[in-house]
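*Asks:* This is the structure, below, for whatever I ask next.
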Amino acid sequence: MVLFTRLQSLATRSEAQQSLSSSSLRMSSHVCGRILVRAASSTLSPLSPQWPSLTQRARLSWGCSVSGARCRSGATMRFLSTRQDLDFQLSRVQISSILRANEQAVSIPEFDGRGLSAVRKFESNQLAANTPNEDRRSAATCLQTKGMLFGVFDGHGGWACAQAVSERLLYYVAVAMMSQKGLEELEHCMEQSRPVPPILQWYKNHGDYNYRESASLYVEHLRVFWQELLDSEEHGDGMSPPDALYYAFKRLDTDISLEAQVPHSSDLIRSTAIQVAFAGSTACVAHVGTEGIHVANAGDCRAVLGVQEEDGSWSALPLSQDHNAQNEAELERLRAQHPPSERDTVVTDNRLLGILMPLRSFGDVRFKWSLELQQSVLESLESGIELDFLNLYQYTPPNYLSPPYLDVAPQLTYHSLRPQDRFLILGSDGLWDEMSSEEAVRLVGEHLSGIHLQAPVSPTERQLNLGQMQELLWKRRALAMPTLDPNATTHLIRHALGTGQYGELCQEKLASMLALPEDLARMYRDDITATVVYLNSDLVRQHR
């Protein structure tokens, strides 16, 4: 308990005020059938790269044209309804309540007593498809060094790994950037059982959760980390942001692996450590300072910079690359780490060993440990521990011949801030499944400026006849309407799920996507997390 108290003293927490309470909507599969289909019967076919050879797009005959209702499972589903069933819809108030349940908005003082801030404010939001949500997010100000840290984490195989990484990774980064003198003060306070100086000021949302039972374990390993930095003769003034990011990613993943292999003081801590290690999480973390932005990415979350050009238009500058099978350089990197005989089996069906979509991640020891180590850890579990979920991990991936097949080494990107750089978007892949980086930047840019630019007519749209073109232009008038959401991340999620074929916001589609019951929502959409960081452009001009 003493160690947990010390962990609490490491952070000064600042929670954003929320004006809307959480809203939960649970519906039966029968109601889902009523919402999804307009005709007496309709077949919804899966449309997702993770399910090969099933590519038929579902057409829903609402008042707007929709091509986005995509089933993410491998099964073709048929729903039957009656005309009476078709009258059910979520109201606009209900839709907004659901979308805004996890909003966060925080304004940052321009001067905090230590220096100027490159961040004016940030906004964040989440919408779950899994139950519980497997995405996590983090935001904090570094109190012993300069700059702010923002992270988005997309869990898979459960939420356990994303939860642990979201709690711990920013501490590892901040500690790595601290000077020798600062680390000595931390260690002295721990030895004397005195409160340690706060390392981070966290910005927690009302729905955020912490692993309280494992707090003492996390503090213990964070302390070992800074003790090793103290023993290093080269630490001096601390690591640079890119070095700290890289080393923190690697070190935390190593700690997660070790914690699952050693005995613990309680069965609960033991089971939690194993859940964290066998689940997995991608991560995209940005350090924002007055000089620039450092991004560390492992997996398929994404960081995109919103740039306002001289003519007022918006352009997207990618600050990360997706680590998946669509990235040819990533495929070659992975294949080069294994014998030539495995070249055709390392990635099959666009997945690592035919199973995992991201090609870098925390945890996922099923793709890192030897088979002997996996079996040894699972067999060491005491019979009283409820770990039914581990039955899934007893399955051995095919062609598991030369592990490890996965690591968490992040890809680093640096961008020197310019006056035209207005905001940074961090998003989990649930957002990028629904829209491009350019679309996201345009939506946030228009939300920021209040000027809605009409999207250009595509080559395909130029082939429309006169009647179809008139319908297209009529639909696009919706783009010039004032935004419904003060929070830009809510604006993003609303358009990610509700944009129709012609770029208009389709209320019926949005209502149906939000009304899906828990057991079906994940087949049509993923968990979505988005954070928008607004940059202090005036500070950049003064600095330059």
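*Asks:* Using DSSP to call loops (not H, G, I, E or B), can you name the GluC sites (Glu not before Pro) in region 192-301 whose Cβ has at most 16 other Cβ atoms within 10 angstrom?
*Replies:* Details: sites: Glu213, Glu220, Glu228, Glu233, Glu234, Glu259, Glu291; in loops: Glu233, Glu234, Glu291.
Loop-located and lightly packed - Glu233, Glu234, Glu291.
*Asks:* For region 503-543, with every protein chain kept in place, what is the accessible area per residue (1.4 Å probe, Å²)?
*Replies:* On the way: 1090 Å² over 41 residues.
I get 27 Å² per residue for this part.
*Asks:* From the backbone phi of region 264-278, what are the Karplus-calculated ³J(HN,Hα) couplings (6.51 cos²θ - 1.76 cosθ + 1.60, θ = phi - 60°) in whole Hz, Gly and Pro given as x?
*Replies:* Per-residue couplings from phi come out as 9, 6, 9, 5, 5, 5, 4, 5, 4, 4, 6, 4, 4, 6, 7 Hz.
*Asks:* Also, I was wondering about something else. Near the amide H of Gly238, under 5 Å away, which other amide H atoms are found, from residues 5 or more places off or on another chain, if H is placed in the peptide plane?
*Replies:* Gln180
*Asks:* OK, next. Considering only protein heavy atoms and a 1.4 Å probe, what is the carbon-and-sulfur percentage of the accessible area of region 193-241?
*Replies:* Numbers: 1070 of 2480 Å².
Ligands and nucleic acids excluded, carbon and sulfur give 43 percent.
*Asks:* If you count only protein heavy atoms with a 1.4 Å probe, what accessible area per residue comes out for region 192-264, rounded to a whole Å²?
*Replies:* Numbers: 3530 Å² over 73 residues.
Accessible area per residue: 48 Å².
*Asks:* In what sequence, largest accessible area first, do Lys121, Lys204 appear using a 1.4 Å probe?
*Replies:* Lys121, Lys204
*Asks:* With every protein chain left in place and a probe of 1.4 Å, what is the accessible surface of Val106, to the nearest 10 Å²?
*Replies:* 20 Å²
*Asks:* Around Arg302, under 9 Å between beta carbons, what's the net of Lys plus Arg minus Asp minus Glu among the other residues? Walk me through the numbers on the way to the answer.
*Replies:* Values: positive: none; negative: Asp300, Asp322, Asp429.
Net charge in that neighbourhood comes out at -3.
*Asks:* May I pose another question? Taking a 1.4 Å probe, which of Thr282, Thr345, Thr254 shows the most accessible area, and what order do the others take after it?
*Replies:* Details: Thr282 0, Thr345 35, Thr254 70 Å².
The ordering from most to least exposed comes out as Thr254, Thr345, Thr282.
*Asks:* Using a 1.4 angstrom probe on the protein heavy atoms only, could you order Thr131, Thr490, Thr396 from most to least accessible area? Could the numbers behind the result be given before it?
*Replies:* Numbers: Thr131 90, Thr490 0, Thr396 65 Å².
Descending accessible area places them as Thr131, Thr396, Thr490.
*Asks:* Hey, another quick one. If you put +1 on each Lys and Arg Cβ and -1 on each Asp and Glu Cβ, how big is the dipole of region 121-205 around its Cα centre, in Debye rounded to 20?
*Replies:* Details: 8 positive and 9 negative charges, 48 e Å.
The calculated dipole for region 121-205 is roughly 240 debye.
*Asks:* From the Cα gyration tensor of region 225-317, with a ≥ b ≥ c the square roots of its eigenvalues, which class applies: rounded if a/c is under 1.5, or else prolate if a/b is larger than b/c, or else oblate?
*Replies:* On the way: a/c = 4.32, a/b = 1.65, b/c = 2.63.
Judged from the Cα gyration tensor, region 225-317 comes out oblate (a/c at least 1.5, b/c at or above a/b).
*Asks:* Computed over the Cα atoms of region 89-239, what is the ratio Rg over Rh, Rh following Kirkwood? Could you put the intermediate results ahead of the total?
*Replies:* On the way: Rg = 18.2 Å, Rh = 17.6 Å.
With Rg and the Kirkwood Rh in hand, the quotient comes to 1.04.
The values are calculated or read from the model by the stated rules, or taken from the named source; none is laboratory data. Keep in mind that this is a model prediction, so the values were computed, not measured. Glycine also receives a Cβ, built like all others from the backbone with ideal geometry; neighbour counts cover every protein chain displayed. Just so you know, the surface numbers come from the protein's heavy atoms only, side chains and all, with ligands and any DNA or RNA stripped out. Shrake-Rupley method; radii C 1.70, N 1.55, O 1.52, S 1.80 Å.
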